[in-house]
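Comments concern the structure below.
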Amino acid sequence: MYKTNKLLKIFVIGFLIFLYAPALLLPIFSFNSSQVISFPLSGFSTKWFGQLLNEDTLHDALLNSLIIAVLSSALATMLGTLTARAASRYKFFGQKVTMGFILLPLILPEIILGVCLLTVLIQLGLNLSLWTVVLGHTLLILPFATLILLSAFNNLNISLEEASLDLGMNAWQTFYKIILPMVTPGLISSLLIGFVISLDEFIIAFFLTGVDPTLPVYIWSQLRFPAKLPSTMALGTILLIVSLILVSFFEYYRRRIEKYSQALTRGK
Amino acid sequence: MNFSDQDKKGWRLLGLPFIFSVLLLAVPLATMFALSFWTQDYLVLKKTFTLANYKEAWFEPVYQKLFNRSLIISMTVTFLTISFAFPVAYFISFYGGRRKALWLFFITIPFWTSYLLRMFLWKVILGYNGVLNSFFKWLGIITEPLTFLLYNSNAVIIALTHGWAPFAILPIFVSLEKIDRSLLEASKDLGDSSFQQFFRIILPLSIPGLIGATLIIFIPTIGDYITPKLVGGPDGLMIANMIQVQFSKANNAPLSAALSVSSLLIVGLISIIFVFLNKKHLRTF
Amino acid sequence: MKATNEDLGHAIVSLNNIKKSFNDIVAVNDVSVQIREGEFFSLLGPSGCGKTTLLRIIAGFESPETGDILINDKLVNSTPPNIRPTNMVFQNYAIFPHLNVQENVGYGLQNTKLTSKSIKNKVDEILDMVGLSGFNFRSSSALSGGQKQRVALARALILKPRVLLLDEPLSALDKNLREQMQFELRQLQKSIGITFILVTHDQTEALTMSDRIGVMFDGIVDQVATPEDIYTKPATKRVASFIGNMNFFRSNILSSTAESVRVESDLLGVLDIDKVNIFGGSKAKVSIGIRPEKFKFKKPNGDKKVKSLAGKLIQKTFLGENLLFSLDVGKKADKVYISLTPSGEGAYPKVGENVTVYYSLNDLLAYFEV
């Protein structure tokens, strides 16, 4: 049995290396002084990062992406909260179908979403703008938000609320002493992951953006210029680090939710 | 219809998200469906019912080729990712111990980073003057750069497999975790070797996870736009690229819609058949 | 005989004609019970009998459709749970997972004007009482089932309620722990002196801990009595079969006078029973119950009311505390069970032998039934 264990472990570590290796190229070539992305490396330089500081279109795109990310993750979290509260607390008519529908964007190819959203917007004669992207991203994020918030709300057993009342607290106190602290990790997780998803999302933004590009759309436009490659790598490195930080926070809060559900079910 | 208290309370909350989903998902899908039966003349839409778009989508060789290629690429990617994913999921579930969550976390981190960047990196890696070629040249393994790496279906398959492998791991992992460990003990008790135990107990019970992983990989990859555009070259383009071209440059949104609906149909049909064939394995779980 | 509600002592909780339905199902059907101050009262019954609903009505989480509930002589029908002088230990303990033990136990005191130092002192005191000293900073996820139960108990008791309500608090614990907790709960109640109302489906639990038991079936309280009376004088046939073990014999009424009834039973022959000893209103049949431990293999001397029953001994089971025999009495009847404490002296009849067992008419419990 040990042999299989060892072999498997080597395989898994190899797999992880294969998984991460391409991403490592980003920092490597961001600091490489040569403009050509190839080996051998020619020397250390931070000039590509410097270039980023001067690109005004980049800054505009970044601002657009941030605004969209904040708005869509907030909107998706709000809608996801309503959904999760309903699904965890009540058994109602059409529950499974509705939930399936809200989770549908998880398995639909994004291009289909992009095409049909664009179709509707054109038919309605609406202008493409940041707001159209916000709507598209909210639709995309909503399933994730719902799933995360569902696990948080499932921890909110009604007996916890009753116990709080029984021990002398009124409804408002129960809300901010019990309900809110228990749901907060879910809210934060949902906002974080929504933010990350929106920030990185390309296809729907590509279809639904008007004149103002988002960051991925901007990156896409830079990809055909070989001269811009290194600075794009530098940008990619920054994005990677930001995503990693946000995802680590997300994992921290997600574990909190799990800890609560363990506390509630252990010993039964 | 009699609505209980629970129904009313549930829907009071669910009302808003549901309306949102209907407006942004159901209506657009329906609109696209309708659009596929119309025709477009430059920028003007003729709303008379016609099946011409579907005739074109299904019978023109150029689209047939694209559909076929997309299916083949997607199925290959699905097969490859699951082949990689299963041992990894197996390892984490049976040997992960207390650090299971940590292993999963490391495996899913790439999921949360930019898909665009990750696919773009493959262009950089596989290119004529790219990372791999220059690396091999630098090592002296080759003198001329390899040309078969990039701008074809192979590159698409490699990139997609790399990008989607983590997705396949999660559903398989969940399935493996659900296997009651006492079942494994029972099989050993009844005389199975580890090899037999795997094929008689573990593999069959992990089928729901395998089915889930298959769908999770197959459905989105068939509609991938970024990867074929970046690394596919003319021979590696997939149906999504055509859908986009028809919509924008070719000013033929109805054809684009027909192609989209057809893709959904094909994917849906294959998925349903696939799940149906494996129905008996999904029974108790 | 009917369910008795004795009026001795002050009734701290008074339930009068309480009725409660959910959709179309009646959970509590015209229940009137007086629970005395300082007693350990159990509500006993099978799952779904309405006992938990009744408890929640006392706690304030459900309001009765009709009827009144008074706690400490005040009408509390519409008083919310946070104001009632009751506190509840929930079946799943309901320990707040984001708070540690200290914060959980001291939770209810945050509304009072106590300083955090005096809250801490009280928490320490109560943790000591439930056997969890030093657990103050344990996180909720690190507690075992038994520990959670004690935290739930401490959390409720620290508020010094007039009435402590316990909803099947021991059902999730293993046997040894359960028995230990039964003992501890009883001791605790006696030492603190407040009224405990416990809901359980476990008759041993109810019999062990309670001063009085209210037995409930299908929303109706069949009997309220001391454990001894519940066991020896069960008021209805279903109480009789729920508590302990019981052999039942069908019989038809042959004739009746003003005071007694003559019945004929297939197995027991013809018997005369005083009407006052038959529970339930007058009906056409009488069901006769005899507990397994009332049968003897040896005929007792000097008892004029001794009767006998013959059959073949077909099984003997050793249950640790007692021996259980089953007797085949033919006539396609159910087996009759006989229970003895192993005394070591004297041989018991062997399995396969034909034996005669003896019982006294005094040990009969008879019920009118349809």
Checked against (1) at negative phi; (2) in contact (Cβ under 8 Å) with a residue 60 or more places away in the chain, B:ILE219 satisfies every condition except (2)
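Within region C:126-133, can one find any residue that is facing chain A (nearest Cβ under 7 Å), over 30 Å from C:LEU70 (Cα atoms) and part of a helix (DSSP H, G or I)?
No, that holds for no residue.
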Among the residues of region A:180-216, what is the count of those that are out of contact with any Leu (no Cβ under 9 Å at 6 or more places or on another chain) and either in contact (Cβ under 8 Å) with a residue 12 or more places away in the chain or of a type in the set (Lys, Arg) (or both)?
5
Here the qualifying pairs (Cβ atoms under 6 Å; residues six or more apart or on different chains; first in region A:20-42 and more than 7 Å from chain B (Cβ to nearest Cβ); second surrounded by fewer than 13 Cβ atoms within 10 Å (Cβ to Cβ) and assigned to a loop (DSSP other than H, G, I, E, B)) come out as A:SER33/A:SER42; A:SER33/A:GLY43; A:SER34/A:SER42
What do you reckon, is B:ALA52 at pLDDT 85 or above, farther than 18 Å from B:LEU237 by Cα and within 11 Å of chain A (Cβ to nearest Cβ)?
no
Kindly indicate whether A:LYS9 is more than 27 Å from the chain's Cα centre (by Cα), more than 11 Å from every other protein chain (Cβ to nearest Cβ), surrounded by fewer than 16 Cβ atoms within 10 Å (Cβ to Cβ) and more than 20 Å from B:LEU121 (Cβ to Cβ).
no
Just to be sure, is C:LYS160 part of a loop (DSSP other than H, G, I, E, B) and either in the same structural domain as C:ASN82 (by TED's automatic domain parsing) or without any contact (Cβ under 8 Å) to a residue 24 or more places away in the chain (or both)?
yes
Select from region A:111-130 the residues that are within 10 Å of chain B (Cβ to nearest Cβ) and small (Gly, Ala, Ser) and list them in ascending order.
A:GLY114
Select from region A:166-179 the residues that are surrounded by fewer than 22 Cβ atoms within 10 Å (Cβ to Cβ) and without any contact (Cβ under 8 Å) to a residue 12 or more places away in the chain and list them in ascending order.
A:GLY168, A:ASN170, A:ALA171, A:TRP172, A:GLN173, A:PHE175, A:TYR176
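So, in region B:35-87, how many residues would count as being among the aliphatic types (A, V, I, L, M) and crowded, with 18+ Cβ neighbours inside 10 Å?
9
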Yes/no for C:LEU70 being buried (at least 22 other Cβ atoms within 10 Å of the Cβ), of a type in the set (A, V, I, L, M, F, W, C) and at negative phi:
no
Of A:PHE15, A:PHE49, which residue is within 11 Å of chain B (Cβ to nearest Cβ) and not basic (Lys, Arg)?
A:PHE15
Determine whether region B:269-276 contains at least one residue that is surrounded by 20 or more Cβ atoms within 10 Å (Cβ to Cβ) and of a type outside the set (Asp, Glu).
no
Looking at region C:203-211, is at least one residue in contact with an Asp or Glu (Cβ under 7 Å, 6 or more places away or on another chain), not aromatic (Phe, Trp, Tyr) and not assigned by TED's automatic domain parsing to the domain that holds C:LEU55?
no
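Quick one: which helices (runs of 4 or more DSSP H) sit completely within region A:131-241 and have at least 2 residues that are more than 14 Å from chain C (Cβ to nearest Cβ)?
A:180-200, A:203-208, A:215-222
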Restricted to region C:334-368 and to residues being at pLDDT 80 or above and charged (D, E, K, R), the residue farthest from C:ILE253 (Cα to Cα) is C:LYS350
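Search region A:76-108 for residues being of a type in the set (S, T, N, Q) and without any contact (Cβ under 8 Å) to a residue 60 or more places away in the chain, and hand back the single one that is surrounded by the most Cβ atoms within 10 Å (Cβ to Cβ).
A:THR98
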Options B:ILE211, B:ILE272: the member that is over 28 Å from B:ILE158 (Cβ atoms), more than 9 Å from chain A (Cβ to nearest Cβ) and not polar (S, T, N, Q)
B:ILE272
Against the definition (among the hydroxyl-bearing types (Ser, Thr, Tyr), free of Cβ contacts under 8 Å to residues at least 60 places away in the same chain, under 30 Å from B:LEU265 (Cα atoms) and in a helix (DSSP H, G or I)), how does A:THR119 come out, yes or no?
yes
Does A:ILE17 fit the bill of being buried (at least 21 other Cβ atoms within 10 Å of the Cβ) and in a helix (DSSP H, G or I)?
no
If you check every pair at least six apart or on different chains, which have Cβ atoms under 7 Å apart with a residue in region A:60-75 that is on the phi < 0 side of the Ramachandran plot first and a residue that is of a type in the set (Gly, Ala, Ser) and crowded, with 23+ Cβ neighbours inside 10 Å second?
A:ILE68/A:SER198; A:ALA69/A:SER198; A:SER72/A:GLY194; A:SER72/A:SER198; A:SER73/A:GLY194; A:SER73/A:SER198
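Results for (1) surrounded by 23 or more Cβ atoms within 10 Å (Cβ to Cβ); (2) within 7 Å of chain A (Cβ to nearest Cβ), shown as yes or no for each residue.
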| position | (1), (2) |
| --- | --- |
| B:ALA89 | yes, no |
| B:GLY96 | no, no |
| B:THR108 | no, no |
| B:LEU117 | yes, yes |
| B:TYR128 | no, no |
| B:ILE142 | no, no |
| B:ILE172 | yes, no |
Here are some residues: C:GLY214, C:GLY193. Which one is under 19 Å from C:GLY38 (Cα atoms) and touching a Gly at 6+ places or on another chain (Cβ under 8 Å)?
C:GLY193
Criterion violated by C:PRO169 - all others in (1) more than 14 Å from every other protein chain (Cβ to nearest Cβ); (2) under 15 Å from the mean Cα position of the chain (by Cα) satisfied
(1)
Take residues that are closer than 24 Å to A:ILE111 by Cβ and tell me which of the helices (runs of 4 or more DSSP H) falling wholly in region B:170-285 contain 1 or more.
B:207-222, B:239-247, B:253-277
If we scan region B:229-238, do we find a residue that is more than 14 Å from chain A (Cβ to nearest Cβ), of a type in the set (Lys, Arg) and farther than 21 Å from B:TYR54 by Cβ?
no
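The values are calculated or read from the model by the stated rules, or taken from the named source; none is laboratory data. Since the structure is predicted, the reported quantities are computational estimates derived from the model, not experimental observations. As a convention, Cβ positions derive from the backbone with ideal geometry for all residues, glycine included, and neighbour counts pool all protein chains shown.
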